[in-house]
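What follows draws every value from the coordinates through simple rules; no lab data is involved. Since the structure is predicted, the reported quantities are computational estimates derived from the model, not experimental observations. Cβ coordinates were reconstructed from backbone atoms using ideal geometry, including for glycine residues, and neighbour counts include every protein chain displayed.
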Amino acid sequence: MPHSPIAVMWFRNDLRLSDNPALNAAVTWANSNNGAVLPIYILDDVMENQLGGATRWWLEKSLGALETAITQTGAAMEKQSPGKSLHLFQDNAQQVISRLCNDHNIAVIFWNRSYDPQSLHRDTAIKNQCRDVLDLRCESFNSHLLFEPWEVKTGAGTSFKVFSPFWRACLKMPPPLPPKPAPKAIPLSGLVPENAVSLPDLDLSPKPFDWATGLADRFTPGEQAARDQLHYFINDRLVDYADLRDRPDRRVTSELSPHLRFGEISPREIWHALTRHMHAQPGQGKTASKFLSELGWREFAHHVLFHADDLRRKPLQAQFAHFPWRNSPADLQAWQRGQTGYPIVDAGMRELWHTGYMHNRVRMIVGSFLVKHLLLHWQHGLAWFDDTLVDACPAADPFSWQWIGGSGADAAPYFRIFNPVLQGEKFDSDGNYVRQWVPELRDLPTAHIHKPWAAPPLILQGAGVKPGQTYPEPIVDLKGGRDRAMDAYRDMKATRTGNNPG
């Protein structure tokens with residue numbers, strides 16, 4: 001048993017060394033107490049339940065990058081080989097920590113907070129155990145948000161339900177603290193705990209075959225890649241962000257969301273990088289402010305998650321508990337596979353499947369199509385996105401699906417129904433996004449690419465398009481689907497008020 005006291009650094013969704021408050025606290029404590037740091041990651045049921053196929057792939061790569069970074073920064077105590085620098089466990093988190101404390105000279109545990117109900121319940125139980133049973137110091141920190149959910153309040157002292165006043169209140173608060181650099185050295189304990197497992201033991205890789213080639217082509221997980229992406233966005237894309245961010249055929253968005261999802265970069269670092277850029281380039285202040293407001297939208301999602309009863313299962317607007325959703329496995333499958341017959345919808349769903357990502361404007365289009373034109377429950381969309389998005393997030397995903405479904409905080413009214421043809425013609429006006437992801441339509445003239453069913457037979461023949469054979473017929477009539485959705489909305493309202501004539 002090592003004689004030096006040990007600080008446990010419990011990594012969760014904060015897989016980075018820079019601007020990591022819990023890690024900084026662990027290193028500071030170890031240096032002040034002639035101690036050492038034991039970095040751990042626990043894949044428990046709470047974490048497992050937040051992962052889908054794409055996020056499991058990302059997590060494996062990110063953990064590998066984190067271990068390499070810790071090894072390069074670590075300094076073994078007493079000249080002994082540190083063995084693995086990041087110790088992985090696949091077990092109940094409370095039991096893992098209890099065993100570590102009982103078997104080794106653990107003096108303190110540090111971690112960064114999560115804000116979903118399951119994580120909060122787990123963390124509270126572990127804090128109580130550490131303090132009341134193990135007589136152990138235990139501290140948690142904010143590394144995931146700009147502001148704590150309990151810090152931003154309305155004038156009446158309640159949580160915000162609408163984004164604009166929420167973000168105005170955030171901007172009136174003292175700015176987030178500047179990000180801190182990574183520790184120059186981490187005094188690793190050299191301890192090799194029992195029951196630790198290897199990264200392959202976590203079984204995160206795609207099975208039974210590696211379908212993630214497209215994910216790897218699009219993204220590189222890890223802290224360094226996150227910082228590189230931030231710099232690339234600011235230097236090359238930001239200038240066009242405000243004007244072109246709704247164009248899926250123009251890659252001007254930051255694509256930082258998966259890095260934020262796993263905490264490979266802190267929102268504080270992004271905030272201050274953008275703020276510095278605004279001061280250095282005043283002419284880009286408007287577009288930089290627009291991007292910061294999108295960071296605020298992420299912030300709002302986590303605040304809503306923290307205050308909601310069950311954001312994944314219960315509509316924030318209670319009347320939607322009575323909404324008459326359809327059940328159509330065939331329509332759901334056509335949507336999932338990008339075979340709806342609506343090119344902008346199909347392009348988005350195919351981009352998602354092949355890359356683990358989808359442009360935000362297209363996310364709204366495909367979401368509206370699912371819950372309104374197809375009248376399928378938003379929870380079906382949430383489940384599919386959870387499994388296929390590399391940035392699938394316990395806050396942003398259910399928050400966004402409730403928003404598009406009309407039942408969420410500051411939600412788009414249910415009767416706001418996106419027309420996929422008009423959306424395609426407006427935001428993919430040249431048809432290049434559709435041509436990339438729906439190649440069977442690539443030879444159609446631009447005038448017809450968003451509504452191939454309306455193209456004259458000779459045009460279809462010249463483009464090699466055979467409706468119902470090479471590309472599906474539309475699975476729903478747009479007007480009929482819209483009317484059906486509005487009827488369902490009126491039925492819900494009538495049921496809620498007790499005026500249903502049926």
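Summary table below
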{"item": "Antiparallel bridges, percent of DSSP beta bridges restricted to the stretch 1-143 (to nearest 5)", "result": "0 percent"}
{"item": "Helix-only mean residue ellipticity at 222 nm for the chain, each DSSP H run of n ≥ 4 adding -39500 (n - 2.57), per residue, nearest 500", "result": "-14000 deg cm²/dmol"}
{"item": "Length-normalised contact order of the stretch 395-502 in % [C-alpha pairs under 8 Å, at least 6 apart]", "result": "16 percent"}
{"item": "Relative contact order of the stretch 48-166, defined on C-alpha pairs under 8 angstrom at six or more residues apart (%)", "result": "17 percent"}
{"item": "Fewest-first sequence of C138, C130 by Cβ atoms within 10 Å of each Cβ", "result": "C138, C130"}
{"item": "Cross-link partners of K84 among lysines (Cα-Cα below 18 Å; sequence separation of 8 or more within a chain)", "result": "K61"}
{"item": "Pairwise label distance in nanometres, S159 with W211, each label 7 Å out on the Cα-Cβ vector", "result": "3.4 nm"}
{"item": "Restraint check, K153/K372; K314/K493; K172/K286; K372/K451; K314/K372, Cα-Cα greater than 25 Å", "result": "K153/K372"}
{"item": "Lys, Arg +1 and Asp, Glu -1 on Cβ, resulting dipole of the chain about Cα centre, debye, nearest 20", "result": "1320 debye"}
{"item": "Relative contact order, percent, the chain [alpha-carbon distance under 8 Å, six or more residues apart]", "result": "17 percent"}
